[in-house]
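Everything below concerns the one structure shown next.
The values are calculated or read from the model by the stated rules, or taken from the named source; none is laboratory data. This is a predicted model, so every value here is computed, not measured. For neighbour counting, all protein chains shown are included, and Cβ atoms are generated from backbone atoms with ideal geometry for every residue, glycine included.
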């Protein structure tokens, strides 16, 4: 699954992740007689409905309790397959349902793929009731906010000449090389190359630091991701994404921003993209996968939920 | 990269040569950096700088010639690239989290079991 685990956990949610326990069970899947596969939570009225089909063509329903709706379908087992294409289809479907729920009801709190609650609708309602304070807060905090992903790629490295133009030391070295004897010129050239590499790295750093700072002023949260996306299923699905080798990725960021601030963020990115040789790749709005809180049971080991951020393109 | 393959039989000589030249190149790079540093620090006279520079230039030219004669330019570049990757990986691992934590892709909660 995703390695972009820059998730922010809610401050006082009690968290129980059954890592060890689940890892032991990986070879033997837990049996589920009756369960509800959960896509996401949304703010919804009692008579809300969502018409869509979920994973494996299952009809999706929305189970509402007290203004909170859980988008779910009936299931009787874990979705597990050795077939990568199958898993991709499931993941894409999961994401599509979450997207549709978001369009219909506003920002959803997404669940990780394959999050299942044992029991029927009544069990889901009970859980929604028990956790209503936490869930309401999570939904209210995220309302109107979406996740946006930004990658800055240097498609064409900046010319040496351009760097020399901006740096007095490089110009001075260049002059000295012209005047020097052969051996000295050799060492000066080495020094010139080192300095050039330093300036190139410094330029990248200042570009990305500047971008982060400006984005942080508009967005609610900005996280830096690893520069190269980890191999994940979603990356393969969105094959036209940043995985290609047509430039060096200077930085990858994910941010949580209010939908009203989208234009302001867009114009910051336009400024960066105006630099020669730089390309800005922007995707979103996504459901706030990275920023959804971890929801947990109340210390009951059997009632642990994780919603690590899902893989995102 | 987990192993340096120098090949066998006919290839072994090339492979070994590639490895040796790569290591020598890395050494020369380090020497050159040190030479630049000393030139910068002002502890060397102009004559010393000139001598050091021309010696290093000669060595570098010799190595380039040797690589061309042996036809191993690409091999040396590749190996250096691999070594760079190896070092970056090692640094990343030092920096913290293990790269992958194998976790099941599902979460089940509620009900019986466990």
Unique match (being touching a residue at least 12 places away in the same chain (Cβ under 8 Å) and under 16 Å from residue A:42 (Cα atoms)) among A:93, A:129: A:129
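Looking at the range A:169-201, which of its residues are under 24 Å from residue A:154 (Cα atoms) and loosely packed, with under 13 Cβ neighbours inside 10 Å?
First, pick out the residues of the range A:169-201 that are under 24 Å from residue A:154 (Cα atoms): A:170, A:192-201.
Residues satisfying the conditions are A:197, A:201.
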Residues (touching a helix residue (DSSP H, G or I) at 6+ places or on another chain (Cβ under 6 Å) and under 17 Å from residue A:132 (Cβ atoms)) located in the range A:46-65: A:63, A:65
Given (1) part of a helix (DSSP H, G or I); (2) out of contact with any helix residue (DSSP H, G or I) (no Cβ under 9 Å at 6 or more places or on another chain); (3) away from every other protein chain (no Cβ under 14 Å), index of the condition residue A:223 fails: (1)
Test: residue in the range A:290-305 that is more than 15 Å from residue A:150 (Cβ to Cβ), buried (at least 21 other Cβ atoms within 10 Å of the Cβ) and at pLDDT below 55: yes
Some residue of the range A:118-140 being modelled with pLDDT under 90, within 12 Å of chain B (Cβ to nearest Cβ), in a strand (DSSP E or B) and surrounded by 19 or more Cβ atoms within 10 Å (Cβ to Cβ): yes
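Of the residues that make up the range A:52-62, is at least one within 19 Å of the chain's Cα centre (by Cα) and under 24 Å from residue A:34 (Cβ atoms)?
Within the range A:52-62, the subset within 19 Å of the chain's Cα centre (by Cα) is none.
Taking every residue of the range A:52-62 in turn, none turns out to be within 19 Å of the chain's Cα centre (by Cα) and under 24 Å from residue A:34 (Cβ atoms).
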Single match in A:188, A:253, A:211 (criterion: at pLDDT 85 or above, in contact with a helix residue (DSSP H, G or I) (Cβ under 9 Å, 6 or more places away or on another chain) and not in a helix (DSSP H, G or I)): A:253
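Please indicate, with yes or no, whether at least one residue in the range A:160-173 is in a strand (DSSP E or B) and under 30 Å from residue A:215 (Cα atoms). I'd like the intermediate steps shown before the answer.
So in the range A:160-173, the residues in a strand (DSSP E or B) come out as none.
Checking the range A:160-173: not a single residue is in a strand (DSSP E or B) and under 30 Å from residue A:215 (Cα atoms).
Taking the range A:101-117, which residues are part of a helix (DSSP H, G or I) and under 25 Å from residue A:34 (Cα atoms)?
Within the range A:101-117, the subset part of a helix (DSSP H, G or I) is A:101-105.
Selection gives A:101 alone.
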Condition met for residue B:66 (modelled with pLDDT under 90 and in a helix (DSSP H, G or I)): no
Options B:85, B:71; residue that is modelled with pLDDT under 90 and on the phi > 0 side of the Ramachandran plot: B:71
